[in-house]
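Working notes, beginning with the structure itself.
The values are calculated or read from the model by the stated rules, or taken from the named source; none is laboratory data. Treat the numbers as computed from the prediction; the structure is a model and nothing was measured. Every residue, glycine as well, gets a Cβ built from its backbone with ideal geometry; the counts of neighbours run over all protein chains shown. Remember, those area values only see protein heavy atoms, side chains included, never the ligands or the DNA or RNA. Shrake-Rupley method; radii C 1.70, N 1.55, O 1.52, S 1.80 Å.
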Amino acid sequence: MNILDYLEMRGDLTFAERPFNEVDNLIFSVLAYLDMHDIVTDEFVFDVSMKKLCKRYLELGYDQSYIVNNPKILLKKIVSCKRYERVRVGGYCHYLSQDEQVQFSCATFMLGDGTAYIGFSGTDDNIAGWREDFNLTFMNVTPGQNEAADYINRLCGFTVCPLRIGGHSKGGNFAEYGAAFCDEKVRDSRIIEIYSNDGPGFNNTILQSEQYAAILDRTLKIIPEESIVGIMLSGKVKTKVVRSTGKGISQHGFYRWRVRRDCFEEANRLSPVSAFMDETIKRWMDSLEDEQKKSVISAVFDSLEASGATTLNELNSNKWVSYNAILKAVSKIDPDVQGEIFTSLKKLATAGKDVLWDEAKKSFDRFDPSKALTDQ
């Protein structure tokens with residue numbers, strides 16, 4: 001059973017009959033991906049129902065099928081659910097800037113039970129958004145993270161209800177950062193729950209801050225058993241590993257997470273693949289200085305943007321023009337930076353081999369020849 005099945009099985013139960021749960025959290029994180037232009041304003045006026053949102057979305061002909069996890073699928077299903085008929089949406093904010101390297105989108109959902117859920121969108125197919133994802137590896141704070149904290153503060157000037165905050169992918173990172181670094185009074189008295197759905201973590205500066213420590217007891221990170229995105233960088237929050245029907249990066253897709261009644265189906269641990277990737281990436285990141293990370297990431301994305309494309313879809317639709325422009329841009333990269341890229345990739349490969357060897361050594365250390373002979 002996935003979240004779509006959950007809507008069919010549990011959608012007739014109101015929040016009064018069955019309180020908000022972790023599956024509802026993911027559902028509102030999915031809705032945060034919706035293009036709400038000309039439907040929901042940026043004002044904190046909550047007058048758009050799920051039915052009105054769906055009706056206008058379809059009338060405007062919005063097509064977000066370019067997103068691997070198309071939110072339209074869930075939107076069309078949710079309108080028939082009694083559980084969400086009192087939900088109202090407002091405060092839609094969407095900001096994208098290639099120059100500022102930021103892609104930020106969110107909305108607030110008044111649940112009808114006296115609480116609100118702020119949903120932060122993850123990255124779509126905009127290159128600026130993907131660049132910001134990678135910027136998390138060397139920047140203490142990104143423009144999108146600052147926007148998240150500011151948004152929470154602004155909302156709290158218009159409503160006094162308790163807040164739940166969450167997001168999927170980079171949106172989960174924004175949810176954690178925004179909750180930690182919004183105004184102290186808001187953080188300590190208004191926020192009741194924070195969810196990061198397979199969102200990347202933070203660098204040591206954030207992890208060691210008093211603000212981050214202040215939200216640990218209210219934060220849940222949910223990651224699939226073969227997580228790749230959610231294991232990036234580090235975190236200290238409680239983490240739940242859940243079962244998924246996908247493999248590898250496809251597990252990042254929220255429609256693949258397995259649901260049991262009012263919660264996700266829990267896995268025993270991260271898969272060996274995810275654990276291997278986690279250790280490899282951490283060793284690689286530790287081996288590079290922040291300036292090296294910045295240099296490599298800037299060179300790669302400068303080359304992508306040199307193609308003239310602003311989205312991955314545009315990049316893919318005219319491959320030869322895009323690739324030729326990228327190759328031309330790469331050839332102009334400073335030789336020292338080219339060397340850093342090569343060194344970075346070499347360190348990644350080395351880190352992987354080290355982890356593989358460590359795992360093999362552990363197996364050898366556990367091996368008992370006498371027991372093996374007995375078992376035959």
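Overview of results
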quantity: Whole-angstrom gap from the range 127-205 to the range 250-300, using each part's C-alpha centre; calculated: 19
quantity: Within the range 69-158, GluC sites (Glu not before Pro) in DSSP loop having at most 15 other beta-carbon neighbours inside 10 Å; calculated: 85, 100
quantity: Accessible surface ranking that places the most exposed of 75, 58 first, with a 1.4 angstrom probe; calculated: 58, 75
quantity: Sparse-neighbour loop sites [trypsin sites (Lys or Arg not before Pro); the range 41-133; at most 15 other C-beta within 10 Å; DSSP]; calculated: 86
quantity: Rounded to the nearest 10 Å², the accessible area of residue 94 at probe 1.4 Å; calculated: 70
quantity: Sequence of 227, 189 when ordered by accessible area, the most exposed leading, probe 1.4 angstrom; calculated: 189, 227
quantity: Spin-label pair residue 250/residue 66, simplified geometry with 7 Å Cα→Cβ offset, distance in nm; calculated: 2.3
quantity: Solvent-accessible area per residue for the range 91-135 (1.4 angstrom probe, square angstrom); calculated: 26
quantity: Prolate/oblate/rounded label for the range 250-301 (Cα gyration tensor, a/c 1.5); calculated: prolate
quantity: Heavy atoms of residue 160 accessible to a 1.4 Å probe, total area in Å² rounded to 10; calculated: 130
quantity: Accessible area in the full protein assembly, largest first, 1.4 Å probe, for 115, 205; calculated: 205, 115
quantity: Cα-projected label distance for residue 273 with residue 47, points at 7 Å along beta-carbon direction, nm; calculated: 4.9
quantity: Residue 95 accessible area, assembled protein chains, probe 1.4 Å, Å²; calculated: 80
